[in-house]
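Peer 1: Pasting a structure here, questions to come.
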Amino acid sequence: MTTIEERLLDFGQKEIIYRDFLYTLIREEYPNYKDSSIRWVIYGLIKKGIISKLNAKQFIIGRANIYHQKNTSEERKEIVIALDERFPNINIVVYESTMLNEWVNHQIARKVIFIESEKYFMNDIFRFLYSEFSTKIMLNPSKEDLYMYGGELNIVTQLISQAPIFKESRNIKIEKLIVDLYTKDLITEFINEDEKYNVVELIFKKYAVNVKTVFAYAKRRNNLDTIKKVISNFTPGELS
């Protein structure tokens, strides 16, 4: 008799399966299992690397490589610690322009730290960071402002509601970056227009991307059609 593991391994690597389907699969072999026992089976499958959990409803075949910004600066770490202490319950994401160096050909030397927060708290966060850190800091600057002030810079801008972020670590999720690259945010000033597609392609090849999350956020940014067109260039097997 074919085991659950063997049946799952018949799927292609990086293929998505849904929670309800996984529960059905397990119940076919263990019809008397309660939900608590099924969760233990799923835990075992994850531990063995047969599947990985993307969210509450989706799993991916194989080990998912979840994106986390690499080689973050000490200043970013200090900012996150300070924000955790002062604004523990506010949704804030902190990421750097140099995160793009993982995918672009021309390495970005200028470090700009983006601090995005809920609109209501932007002014408070700006004033707090202005008093705590010596690096130049700007509140919701324009593209012209970005080029007018050289060197390292901290920028406080609005976090769009329901944006994909890691709330505890204040880190950006890769789904947010994909959409932001096509939505004229300031992060796009650090990348050439013709490089964007290559960056997204490399992201899909290396990391688990929740396409439903990408589409939901793109809809919030009024950019769903563009994002769908970009992602349609990938085969379903690449959409993890």
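Peer 1: Which helices (runs of 4 or more DSSP H) sit wholly inside the stretch 11-91 and have at least 3 residues that are among the acidic types (D, E) and without any contact (Cβ under 8 Å) to a residue 60 or more places away in the chain?
Peer 2: Where helices (runs of 4 or more DSSP H) fall fully within the stretch 11-91 and carry at least 3 residues being among the acidic types (D, E) and without any contact (Cβ under 8 Å) to a residue 60 or more places away in the chain, they are 19-29, 74-86.
Peer 1: Turning to a different aspect of this structure: Within the group A216, A208, which residue is modelled with pLDDT of 90 or more and either in a loop (DSSP other than H, G, I, E, B) or under 17 Å from the mean Cα position of the chain (by Cα) (or both)? Give the derivation first.
Peer 2: On the way: A208 fails: modelled with pLDDT of 90 or more.
Result of the check over A216, A208: A216.
Peer 1: Checking T213 against (1) under 28 Å from I137 (Cβ atoms); (2) in contact with a Pro (Cβ under 6 Å, 6 or more places away or on another chain), which single condition isn't satisfied?
Peer 2: For T213, the exception is condition (1).
The values are calculated or read from the model by the stated rules, or taken from the named source; none is laboratory data. All of these numbers come straight from a predicted model, not from anything done at the bench. Glycine also receives a Cβ, built like all others from the backbone with ideal geometry; neighbour counts cover every protein chain displayed.
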